[in-house]
Amino acid sequence: MSESGTLGLEGRTIIITGAARGIGLAAVERFAAERCRILAFDLDGSDFKGVKEIAARTHGEVVTIVGDVSREADWGRAMDTALNDWGRVDVLFNNAGISGPTLDVTRYPVDAFDRVIDVNVRGVFLGMKYAAQHMKTRGSGVIINVSSISGSRGGGNIFGYTASKHAVNGMTQSAAVSLARHGVRVVAVCPCPTGTEMMYELERRVSPHDPAAARPGLAAGIPMKRYGEPHEIINLVAFLASDQAAFMTGALVPVDGGCLAD
Ligand SMILES: NC(=O)c1ccc[n+]([C@@H]2O[C@H](COP(=O)([O-])OP(=O)(O)OC[C@H]3O[C@@H](n4cnc5c(N)ncnc54)[C@H](O)[C@@H]3O)[C@@H](O)[C@H]2O)c1
């Protein structure tokens, strides 16, 4: 904690991808409460309702941009917007991701694999590349990638997702090593199933007539026997974004109700 008893994030500028809902929207809420200036970046412009409500409550410290993280031009636009508005980007929360099909390697469609890799790997890479070019010049910055417990285990029936999150872990550590001497930290958070549309959609796939009935089964492998909540992931993200985590880089930090310990 800083001397004022907060994380000391006030005035920091942050790009949040996948900001329209779920873990990204929880990040908008938290960083707005920390009095940060936020660029909320999402594919789905129709769904910026929650972001706009937060912006209204926090006197417009949030700007929105509709774009696809897998498109390089959209990253150029996001960085230009942030730099024109604020002159700097302190934090990138590289959160946007998709789950793809729940299928094993033998049945996984090639086009679905390509899309999962495009969003979850290429999108995270492009965000790091664009943000790090700027942060390296300034000599400071923090990049927080969203991985998963699937980044370090098999996940036999989510082949593409598992591949993509292993790549996020590798990219995080590679970038952390190369950027350490430039004052830029790169870390990843690794959640277990978390209560967002990503899991609710999986529940509908598993049990179309009674999605909630699928939840105990999906949570059974979590030692705490429940999903994480988006704000529980963001408590860790806020700490990692702050100077309290100044000696942390290259870390892949589980926030998973004990999954990876099991
Ligand atoms: N929910 C979970 O159980 C869980 C567990 C571990 C890791 N994660 C990871 O957390 C991150 C956020 O997931 P969530 O649970 O909030 O999911 P979600 O589906 O609720 O929200 C994802 C957001 O990302 C946006 N998005 C998707 N593709 C995009 C693209 N190409 N460009 C820009 N925005 C795009 C969506 O429009 C949506 O607003 C993902 O990286 C996911 O893999 C989630």
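The values are calculated or read from the model by the stated rules, or taken from the named source; none is laboratory data. Predicted model only: the values in this text are computed from it and were never measured. A quick note on method: Cβ atoms are made from the backbone with ideal geometry, for glycine too, and the neighbour counts reach across all protein chains shown.
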(message) in contact with a Gly (Cβ under 7 Å, 6 or more places away or on another chain) and either crowded, with 18+ Cβ neighbours inside 10 Å or within 19 Å of residue 119 (Cα to Cα) (or both): is that true of residue 171 in this structure?
(response) no
(message) For the range 100-120, which positions are more than 10 Å from the ligand (Cβ to nearest atom) and either touching a His at 6+ places or on another chain (Cβ under 7 Å) or assigned to a helix (DSSP H, G or I) (or both)?
(response) 110, 111, 112, 113, 114, 117
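So for the range 172-193 (the condition being of a type in the set (A, V, I, L, M, F, W, C) and farther than 21 Å from residue 237 by Cα), does at least one residue qualify?
For the range 172-193, residues of a type in the set (A, V, I, L, M, F, W, C) and farther than 21 Å from residue 237 by Cα: absent.
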(request) For the range 13-47, name all the residues that are closer than 21 Å to residue 124 by Cα, part of a loop (DSSP other than H, G, I, E, B) and touching a helix residue (DSSP H, G or I) at 6+ places or on another chain (Cβ under 9 Å). (result) 18, 19, 20, 21, 43
(request) Considering every residue within the range 127-150, establish whether at least one is assigned to a strand (DSSP E or B), touching a Cys at 6+ places or on another chain (Cβ under 8 Å) and without any contact (Cβ under 8 Å) to a residue 60 or more places away in the chain. (result) no
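To keep it simple, each residue is scored yes or no on (1) under 16 Å from residue 254 (Cα atoms); (2) touching a Lys or Arg at 6+ places or on another chain (Cβ under 9 Å).
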site	(1), (2)
119	no, no
130	no, no
157	no, no
162	yes, yes
165	yes, no
171	no, no
186	yes, no
(message) I'd like to verify a number: residues in the range 202-228 that are touching a residue at least 60 places away in the same chain (Cβ under 8 Å) and acidic (Asp, Glu), how many?
(response) 0
(request) For the range 121-143, enumerate the residues that are within 11 Å of the ligand (Cβ to nearest atom) and closer than 20 Å to residue 40 by Cβ. (result) 123, 124, 126, 127
(request) Give 203, 197, 232 a once-over and let me know the one that is of a type outside the set (Ser, Thr, Tyr), within 12 Å of the ligand (Cβ to nearest atom) and touching a Leu at 6+ places or on another chain (Cβ under 8 Å). (result) 203
(message) Can you report the number of residues in the range 235-251 which are among the aliphatic types (A, V, I, L, M), surrounded by fewer than 20 Cβ atoms within 10 Å (Cβ to Cβ) and over 15 Å from residue 180 (Cα atoms)?
(response) 1
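So, of the residues in the range 72-91 that are free of Cβ contacts under 8 Å to residues at least 40 places away in the same chain and on the phi < 0 side of the Ramachandran plot, which turns out to be nearest to the chain's Cα centre (by Cα)?
The extreme case among them is 74.
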(request) Those residues that are of a type in the set (A, V, I, L, M) and either at pLDDT below 95 or within 24 Å of residue 13 (Cβ to Cβ) (or both), I need them from the range 224-254; list them, please. (result) 233, 234, 236, 237, 238, 240, 241, 245, 246, 248, 251, 253
(message) Cβ-Cβ distance below 8 Å, separation of 6 or more or different chains: which pairs start in the range 36-65 with a residue that is free of Cβ contacts under 8 Å to residues at least 12 places away in the same chain and end on one that is in a strand (DSSP E or B) and charged (D, E, K, R)?
(response) none
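Which residues, taken from the range 64-74, are near the ligand (Cβ under 10 Å from one of its atoms) and assigned to a helix (DSSP H, G or I)?
74
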(request) Examine the range 78-99 for a residue that is more than 14 Å from the ligand (Cβ to nearest atom), part of a loop (DSSP other than H, G, I, E, B) and surrounded by fewer than 19 Cβ atoms within 10 Å (Cβ to Cβ), and state whether such a residue exists. (result) yes
